[in-house]
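The numbers here are math on the coordinates, done by the rules we state, and not lab data. This one's a predicted model, so the numbers in the text were calculated from it and none came from an experiment. Counting neighbours? That spans all protein chains shown, and the Cβs are built from the backbone with ideal geometry, glycine included.
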Amino acid sequence: MLAGLEAAELPADAIEVGRIADAWGIKGWFKVLPYSADPEALFSSKRWFLLPTEKGVKTFTGTVQLAVKEVKEHSDTVVASAIDVDDRNAAEALRGARIFISRASFPTAAKDEYYWVDLIGLNVVNRQDEELGIVRELLSTGPQTVLVIEYQLDGKPQERMIPFVSAYVDDVDLAAKRIRVDWLADY
């Protein structure tokens with residue numbers, strides 16, 4: 001196993017947030033491909049959990065913990081350095097590793113802002129208390145985000161899309177695992 005990596009157990013609340021793309025420079029820095037356009041979790045956490053991909057990383061197996069020294073934006077990418085990853089060869093050995101961070105390490109979202117991962121799986125009901133389905137995923141359409149809601153109709157899975165904007169979303173109650181919307185079941 002590489003220096004700087006120690007075997008670890010993946011936290012129960014671990015979220016995959018990106019992967020290591022390649023080495024960057026000669027002093028052990030590496031490029032990170034974040035899965036979010038706003039990768040705040042990468043910047044706030046000093047402990048990353050790495051898992052190898054099917055193809056790629058051959059230098060470790062299972063889950064390992066990486067102690068992060070610094071993460072920063074550079075041009076149009078994110079670069080990072082870690083304790084005991086001191087040269088290009090060590091950084092190259094991490095290429096392809098999947099990065100997970102404990103959800104508890106994410107920065108606190110501002111009022112009326114939510115992490116997508118927290119919305120997936122929530123029940124969606126309308127003002128008439130009709131069940132509209134469960135959030136399966138979210139889509140970024142540029143100007144707005146859209147909730148993709150999965151529901152059953154005559155025993156067959158269906159989907160509906162609701163813009164995640166204040167004109168349609170009345171309330172998000174994470175504790176109750178519910179989103180209330182101004183949307184009719186037959187839209």
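Between the beta carbons of ARG127 and ALA12, assuming R0 = 45 Å, the FRET efficiency works out to 0.80 to the nearest 0.05. Among the chymotrypsin sites (Phe, Trp or Tyr not before Pro) in segment 61-154, none is located in a DSSP loop while being surrounded by at most 11 other Cβ atoms within 10 Å of its own Cβ. Fully extending the segment from ALA110 to ASP186 would add 24.1 nm, taking 0.36 nm per residue of separation and subtracting the current Cα-Cα distance.
Among the listed pairs LYS31/LYS69; LYS46/LYS177; LYS46/LYS72, those whose Cα-Cα separation exceeds 20 Å are LYS46/LYS177.
Computed over neighbours whose Cβ is under 9 Å from that of GLY133, the net charge equals -1, Lys and Arg +1, Asp and Glu -1. Other residues whose C-beta falls under 13 angstrom from the C-beta of GLU113 contribute a net charge of -3, scoring Lys and Arg +1 and Asp and Glu -1.
Shown here for segment 12-100: trypsin sites (Lys or Arg not before Pro) in loop regions (DSSP other than H, G, I, E, B) with at most 10 other Cβ atoms within 10 Å, namely LYS55, LYS58. Overall shape: prolate for the chain, with the ratio a/c of the largest to smallest alpha carbon gyration tensor axis at 1.5 or above and a/b above b/c.
Note the full-extension length gain between LYS72 and ARG103 as 0.36 nm times their separation in residues minus their Cα-Cα distance, in nm to one decimal.
Roughly 9.1 nm would be gained on extension.
Taking GluC sites (Glu not before Pro) as exposed when DSSP calls them loop and at most 10 other C-beta atoms lie within 10 angstrom, the chain has its longest site-free stretch at 114-187.
If a paramagnetic tag sat 7 Å from the Cα of ALA167 along the Cα-Cβ line, which residues of segment 121-156 would have the backbone N under 18 Å from that point? Answer for segment 121-156: 127, 139-148.
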